[in-house]
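Worksheet: one structure, shown below.
The values are calculated or read from the model by the stated rules, or taken from the named source; none is laboratory data. The shown structure was predicted, so the numbers you read here are calculated from the model rather than taken from an experiment. Cβ placement follows ideal geometry from the backbone for every residue including glycine, while neighbour counts extend to all protein chains displayed.
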């Protein structure tokens, strides 16, 4: 082979190998995102069914207690429980987890390339973060506070009111913490990155940081 052809040919081979490596890396990243959404959709369905059953059972029990309990205080607590359980059950039915819809969109080809998959996963991760933030606890705080005051002040039983408030907040916290979190974990994976400033070339890794109280980008080099 003539010497003047060797350098361009070597550069072309290196470029082809680099392109193949990037394509393989993109395929692996896409599969990782697809797997995260699949597991998230499965967990979301279980979470939805489980907590819907819990609140439906609580509603049925509270309704029975409100009408059939022999004690006036228990019947009063039952009426308060009916309102709390009905609100919680309505929230479960109206506010669905985003994972099943996102996974179906990915399977349908609505995000066929790696950039589309990244955007889809980041949107789901942001929704996961929102559902775990302190703002997501304001609704349950308001409902449980009102219920505790109705029992503690309205019915003159402060100890029972405090217990009702604490129990309600504990259940609400368990509901929040058992939600799917696969998208946040997948988005937070570090990916190779290269940055150039003139003649200075830096290689490292970059990752989105999505958590209950944070949203940003992390660099590692």
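Tabulated data for the structure shown
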item: Listing of strands (runs of 3 or more DSSP E) fully contained in segment 136-221 that carry 3 or more residues being modelled with pLDDT of 95 or more and under 27 Å from residue 115 (Cα atoms); result: none
item: Filter result (outside any helix (DSSP H, G or I) and either surrounded by 12 or more Cβ atoms within 10 Å (Cβ to Cβ) or in contact with a helix residue (DSSP H, G or I) (Cβ under 9 Å, 6 or more places away or on another chain) (or both)) within segment 96-135; result: 96, 97, 98, 110, 111, 112, 113, 133
item: Residue 139 being touching a residue at least 12 places away in the same chain (Cβ under 8 Å) and crowded, with 18+ Cβ neighbours inside 10 Å; result: no
item: Residues (at pLDDT below 90 and more than 18 Å from residue 29 (Cβ to Cβ)) located in segment 96-125; result: 108
item: For residue 92: the one exception among (1) over 30 Å from residue 34 (Cβ atoms); (2) surrounded by 15 or more Cβ atoms within 10 Å (Cβ to Cβ); (3) touching a helix residue (DSSP H, G or I) at 6+ places or on another chain (Cβ under 7 Å); result: (1)
